[in-house]
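Have a look at the structure below, then the notes.
The values are calculated or read from the model by the stated rules, or taken from the named source; none is laboratory data. If you're wondering where the values come from, they're calculated on a predicted model, not measured in any experiment. No Cβ is skipped: glycine too gets one built from the backbone with ideal geometry, and neighbour counts run over all protein chains shown. Heads up: the accessible areas ignore ligands, DNA and RNA and are worked out on the full protein's heavy atoms, side chains in. Shrake-Rupley method; radii C 1.70, N 1.55, O 1.52, S 1.80 Å.
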Amino acid sequence: DIVVDVTQLNGHQENMLMLMDALNMCLVENGYNYDITDTEFFWNALNYTIMTYPEVPGTDSEEMLAWNEDHTGMKVHQDLVKVYAEGLFADYVELPEVPGKCMVSVSDEEGYYNLSIGDRGTSYGEIVTWVQTPDGSCHVEARLSDAATGETIVTYVYELVENKNEDAVFAYRIKSAKAKGIANNAVSSNATTKTVLDSSVLKESLKEHAK
């Protein structure tokens, strides 16, 4: 096994941190288990991830998303949604129908989805350990912490597998996620405050990217 120096992550590993950080927030706030067959979790995980990290190196992401008129969310093209889904879920094949109880809705404009905005508060994500096995898979501990108190909110243990798609944006795909030290995996939804980047921060992020 190869133990990666988490203070020297490469670009592919940093891209995966974006996905794991957003998943940590989604899982802990809603008490979900990582389960691709749960379509509510599937779509809400995509919402958290895209709204927190709308810019992905290697894509024309800024051309595939736009604010709605009242700036309460964004309209995102299905091609960009599929890029994130491939990284978030190793077993992803195609986008399922959007369930009624969900942060995402189908846009009136063909090929687009409407995503909801929120506020991640003072939480932040970081990699604690990263171990790569001989078969190319990785076991990663990703921690969600509160910058205001310095306390750990939750740590999830992720299994990553290599992304075999030759056009892949994400070098790995997430196979599983389990809360560390919690017997039933699901975490109380009261564990942390609501996350997902607020509109002012996200607009500044997109503005900087456009320069």
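Some observations on this one:
- Selection status of Asp35, open to solvent by 50 Å² or more (accessible area, probe 1.4 Å), at pLDDT 90 or above, out of contact with any strand residue (DSSP E or B) (no Cβ under 8 Å at 6 or more places or on another chain) and not small (Gly, Ala, Ser): yes
- Reported count of residues in region 44-76, each being open to solvent by 50 Å² or more (accessible area, probe 1.4 Å), touching a strand residue (DSSP E or B) at 6+ places or on another chain (Cβ under 9 Å) and farther than 16 Å from Ser107 by Cα, is 1.
- Qualifying position, being closer than 23 Å to Gly121 by Cα, modelled with pLDDT under 90 and among the hydroxyl-bearing types (Ser, Thr, Tyr), among Thr49, Thr59, Thr72: Thr72
- Close pairs (9 angstrom Cβ cut-off, 6 or more residues apart or separate chains): farther than 12 Å from Gly118 by Cα in region 48-62, among the acidic types (Asp, Glu) and not in a helix (DSSP H, G or I) anywhere: Ser61/Glu55; Glu62/Glu55
- Taken as a whole, the condition of being in contact (Cβ under 8 Å) with a residue 12 or more places away in the chain and not in a helix (DSSP H, G or I) does not apply to Glu69.
- If the condition is being open to solvent by 10 Å² or more (accessible area, probe 1.4 Å) and farther than 14 Å from Thr155 by Cα, then region 6-31 contributes Val6, Thr7, Gln8, Leu9, Asn10, Gly11, His12, Gln13, Glu14, Asn15, Met18, Asn30.
- Within region 86-94, not a single residue is open to solvent by 30 Å² or more (accessible area, probe 1.4 Å), touching a Phe, Trp or Tyr at 6+ places or on another chain (Cβ under 6 Å), at pLDDT 95 or above and closer than 18 Å to Tyr32 by Cβ.
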